[in-house]
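Q: Below are the structure tokens for one structure; questions will follow.
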Amino acid sequence: MSRSVAGSATAATTGQPRVGVVGLGYVGLPLSLAMHAAGYEVVGVDIDETTVATLSQGHSTISDVADAAVADAVDDGIDFRSDYSALADVDAVSICVPTPLGKSDTPDLSYVIDAVERLASVVPEGCTVILESTVYPGATREIIGDILTDNGMRIGEDIYVAFSPERIDPGNKDYEPTAIPKVLGGVTDACGDHAAAVYEPVFEEVVRVDAATEAELVKLLENTFRAVNIGLINELAQVAHELDVNIWTVIDAAATKPFGFMPFYPGPGLGGHCIPIDPFFLSWKAGQQGIDTPFIELADSVNRGMPGHVVGRVVEGLNTRGTALSNAEILVLGVAYKPDVSDTRESAAIDIIDQLADWEATVHYHDPHVPELDVLETTYESVPLTAERLAAADCVLLVTDHTAFDIAEIVEEASFLFDTRNATSEYDDDTVVRL
Ligand SMILES: NC(=O)c1ccc[n+]([C@@H]2O[C@H](COP(=O)([O-])OP(=O)(O)OC[C@H]3O[C@@H](n4cnc5c(N)ncnc54)[C@H](O)[C@@H]3O)[C@@H](O)[C@H]2O)c1
């Protein structure tokens, strides 16, 4: 990053460019550590004082980041604050706040607006502002651009604004965050140049696109592509079940084709902060242009139906064993939305447990990463996983295949195991039923 981007007092003192990260969650914390590792002087800002206090004491707040990584960075000078005044002398700032869906599946950009409004009161001239939060195409220019120019600064001249979608995959140990190519587009060419200069020392590869709008659409394409293909395969899984065909074998065989096919796998339903949500940013924006997005809506409807399909299959399996769901004890294994994370946002397990409880089944769950789970008004606590508990359950329902699970023991003890993830593919046992 060129020192001419901004000449802050602190940076001038230390000789290091000073960068800020706003929002220290699943995206912002790893990014702030990566920026620190790249040699920047980093200040991370979060409005949640508990998060800031925990990080400042050298403890991690997310499962993907080890305490030691935070502690080392704190010892090495990374600064975590709850006050935006710490951003008054930064050369660049990355914004990583939540962008959930609001009522009627419309984008809720209130966190971004709040963050940018707070930033606007302190941001120095010459600063580069990079939005990481997923937004609809055009939002970076419309929202950030508008708020930051309120005080007379000109985009691309006095302040530089870009969008760079976060592409991390929590729980995936195969890719370091900095090894994932970083797509980036500026509101103007100069904005793109400045933002690329900030990220090039951090990421192995920066992929420039021509505009912030393109970068915004890249993110939505990636996640809509996943949501639609998962929807297709979830539909096929239901067809395959009726045909008495093993969908998993079919997918693996199809995936031997060296071109033109990419495997996607069925599951109990979408989860997390991205795949179930991001396509609606696209369909909302398309709707504003008078364009329908039936693929997105169809995939969503199939995917949203999967928890109900799973419950129906559990009922089917219990019936063949002479047990009604209302008299059954169900042990749910894994409630995080994906393996080896503690994140339960939008997890299909919540809907599944809610439906099972609605049928008056007795439901317990075990998840080594999630000690407590709120399902509407009820708070469930993870029960210890013992051979006795596995054997006592009328149905053991594997929703999330954490690597900590001893599948051999689960298969051995369960009298009826319903496996939504094909974790039992190596076991040929008539007590096991796969999605
Ligand atoms: N989690 C993922 O796997 C993932 C992957 C790619 C993209 N994203 C996107 O990245 C964005 C952030 O997601 P996340 O999972 O890190 O969210 P998160 O909820 O884990 O973290 C967001 C943090 O922002 C803080 N915050 C909220 N408002 C703030 C404000 N005004 N100022 C400062 N801090 C504020 C919150 O306290 C929280 O700590 C979202 O747009 C999400 O869609 C997430």
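The values are calculated or read from the model by the stated rules, or taken from the named source; none is laboratory data. Note that this is a predicted model, so its numbers are computed, not measured. Methodologically, a virtual Cβ is constructed for each residue, glycine included, from the backbone with ideal geometry; neighbour enumeration extends over all protein chains shown. For accessibility, only protein heavy atoms count, side chains too; no ligands or nucleic acids. Shrake-Rupley method; radii C 1.70, N 1.55, O 1.52, S 1.80 Å.
Q: Based on what the data block shows, is Asp367 in contact with a Gly (Cβ under 7 Å, 6 or more places away or on another chain) and crowded, with 21+ Cβ neighbours inside 10 Å?
A: It is true that Asp367 is in contact with a Gly (Cβ under 7 Å, 6 or more places away or on another chain) and crowded, with 21+ Cβ neighbours inside 10 Å.
Q: Same structure, new question: Can you name the residue in the stretch 55-69 that is in contact with a Phe, Trp or Tyr (Cβ under 9 Å, 6 or more places away or on another chain) and not in a loop (DSSP other than H, G, I, E, B) and, of all such residues, is farthest from the ligand (Cβ to nearest atom)?
A: Taking the candidates together, the pick is Ser56.
Q: Being more than 16 Å from the ligand (Cβ to nearest atom), more than 27 Å from Leu417 (Cα to Cα) and assigned to a loop (DSSP other than H, G, I, E, B) is the requirement here; does Gly287 meet it?
A: Considered against the rule, which asks whether it is more than 16 Å from the ligand (Cβ to nearest atom), more than 27 Å from Leu417 (Cα to Cα) and assigned to a loop (DSSP other than H, G, I, E, B), Gly287 comes out as no.
Q: Does the stretch 268-289 include one or more residues that are more than 29 Å from Gly138 (Cα to Cα), crowded, with 16+ Cβ neighbours inside 10 Å and modelled with pLDDT of 95 or more?
A: The answer is yes; a qualifying residue exists.
Q: Could you count how many residues in the stretch 290-322 are under 24 Å from Gly272 (Cβ atoms), assigned to a helix (DSSP H, G or I) and open to solvent by less than 80 Å² (accessible area, probe 1.4 Å)?
A: Of the residues in that region, 16 qualify.
Q: Anything in the stretch 138-181 that is within 12 Å of the ligand (Cβ to nearest atom) and not in a helix (DSSP H, G or I)? List them, or say none.
A: Phe163, Ser164, Pro165, Glu166, Arg167, Ile168, Asp169, Pro170, Gly171, Asn172, Ile180
Q: Yes or no: the stretch 259-276 includes at least one residue that is β-branched (Val, Ile, Thr) and out of contact with any Lys or Arg (no Cβ under 7 Å at 6 or more places or on another chain).
A: No - not one qualifying residue is present in the stretch 259-276.
Q: For the stretch 68-86, check the following and say yes or no: at least one residue is open to solvent by 50 Å² or more (accessible area, probe 1.4 Å), modelled with pLDDT of 95 or more and under 26 Å from Gly156 (Cα atoms).
A: Checked against the condition, which is being open to solvent by 50 Å² or more (accessible area, probe 1.4 Å), modelled with pLDDT of 95 or more and under 26 Å from Gly156 (Cα atoms), the stretch 68-86 yields at least one hit.
Q: Return the total of residues in the stretch 343-364 being open to solvent by less than 40 Å² (accessible area, probe 1.4 Å) and assigned to a loop (DSSP other than H, G, I, E, B).
A: Of the residues in that region, 4 qualify.
Q: Testing Val135 on (1) assigned to a loop (DSSP other than H, G, I, E, B); (2) within 14 Å of the ligand (Cβ to nearest atom); (3) open to solvent by 10 Å² or more (accessible area, probe 1.4 Å), one condition comes back false. Which one is that?
A: (3)
Q: Now for a different question. Go through the stretch 33-54 and report how many residues are under 21 Å from the mean Cα position of the chain (by Cα) and either more than 10 Å from the ligand (Cβ to nearest atom) or open to solvent by 40 Å² or more (accessible area, probe 1.4 Å) (or both).
A: So the count comes out to 5.
Q: Residues Glu412, Glu381: which one is open to solvent by 70 Å² or more (accessible area, probe 1.4 Å), free of Cβ contacts under 8 Å to residues at least 60 places away in the same chain and under 14 Å from Leu331 (Cα atoms)?
A: Glu381
Q: Keeping to the stretch 94-132, report how many residues are among the aliphatic types (A, V, I, L, M), part of a strand (DSSP E or B), buried (at least 18 other Cβ atoms within 10 Å of the Cβ) and within 11 Å of the ligand (Cβ to nearest atom).
A: 2
Q: Starting from residues that are modelled with pLDDT of 95 or more and either part of a helix (DSSP H, G or I) or more than 16 Å from Val112 (Cβ to Cβ) (or both), keep the ones in the stretch 17-32 and report whichever is nearest to the ligand (Cβ to nearest atom).
A: Gly28
Q: Let me ask something else about it. Within the stretch 369-381, is even one residue outside any loop (DSSP other than H, G, I, E, B) and closer than 24 Å to Leu318 by Cα? Give the derivation first.
A: Taking the stretch 369-381 and keeping what is outside any loop (DSSP other than H, G, I, E, B), we get 372-375, 378-381.
Next, from what is left, pick out any that are closer than 24 Å to Leu318 by Cα: 375, 380.
Taking every residue of the stretch 369-381 in turn, at least one turns out to be outside any loop (DSSP other than H, G, I, E, B) and closer than 24 Å to Leu318 by Cα.
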